[in-house]
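Rule-based calculations on the coordinates, nothing more; no lab input. Given the structure is predicted, the values throughout are model-derived calculations rather than measurements. Methodologically, a virtual Cβ is constructed for each residue, glycine included, from the backbone with ideal geometry; neighbour enumeration extends over all protein chains shown.
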């Protein structure tokens, strides 16, 4: 897929950043990021997960598919090669195929049942710590390594609300 040009990406980022000033946070920001990342990268499922390092657990704060992936859902994030890369290494991950999804996610059967075969996990980093991720899923071979770079400025907008959530939990 051809991605929108840089000026379109910047305009989408501007709109997402402006949403952070709206009342009723963090929902307006999460919804704006869903729309913006859908426009500049594309996704059929978009979720936001915040990470609790004490319990090595992630909690879903936003989902574009709350029926299958409800907000509030929690996942144990045991030590796995995926976790070592994304959580411990603070590096994004691109999964291109259903086989990649099977390797990375324990819920790969649900993902496959939704027709999703590729994934992009963009880490949210604050003060040199992994605090969560923005997760996009789509058809096979949708994502490319460059999409991580496109997504990083969008994910950076999540640092404040993720930190606020962590302080309240």
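Each of 14, 54, 60, 3 was scored by other Cβ atoms within 10 Å of its Cβ. Arranged with the fewest first, they read 54, 14, 3, 60.
Using Stokes-Einstein with the Kirkwood hydrodynamic radius over Cα pairs, what translational diffusion coefficient do you get for the chain at 20 °C and a viscosity of 1.002 mPa s, in µm²/s rounded to a whole number?
On the way: Rh = 15.9 Å.
Here the translational diffusion coefficient equals 134 µm²/s.
From the alpha carbon centroid of region 116-169 to that of region 59-114 is 12 Å.
For 127, 65, 147, what ranking results if the residue with the fewest other Cβ atoms within 10 Å of its Cβ goes first? Write down the numbers at each step before the final one.
Values: 127 7, 65 14, 147 21.
With the fewest neighbours first, 127, 65, 147 line up as 127, 65, 147.
Sorted from greatest to least, the principal axis extents spanned by the alpha carbons of region 120-167 come out as 37, 16, 14 Å. Residues 11, 84, 67, 117 in ascending order of nearby Cβ atoms (within 10 Å, fewest first): 67, 84, 11, 117.
For the chain, what does the relative contact order come out to in percent, with C-alpha contacts under 8 Å and a separation of six or more?
Values: 279 pairs, mean separation 36.1, N = 169.
About 21 percent, as a whole number.
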